[in-house]
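Take a look at the structure set out below.
Values quoted throughout were computed directly from the atomic coordinates according to the rules given, and no laboratory measurement underlies them. Computed from a prediction, not measured in an experiment: that's the story for all the values here. Cβ atoms come from the backbone with ideal geometry, glycine included; neighbour counts cover every protein chain shown.
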Amino acid sequence: MFGVTDHDASTIEDLLGGIPLAGFFAAGEIGPVAGHNALHGFTASMALFVD
């Protein structure tokens, strides 16, 4: 989609200066849109680990 691998993770890593990052891509998640639940396709979830 973006022409490079790890586009999303690399963008977050660049913004945060190399803080360890973990995450995964999913086929979708359920979340609110205009007060109603909707299926969001191809989402990314990330977690930051700080000491």
*What net charge is computed for the residues neighbouring residue 19, neighbours being all others with C-beta under 13 Å from the C-beta of residue 19, Lys and Arg scored +1, Asp and Glu -1?*
-3
*To the nearest 10 degrees, how steep is helix 7-16 against the longest Cα principal axis of the chain, on a 0 to 90 scale?*
60
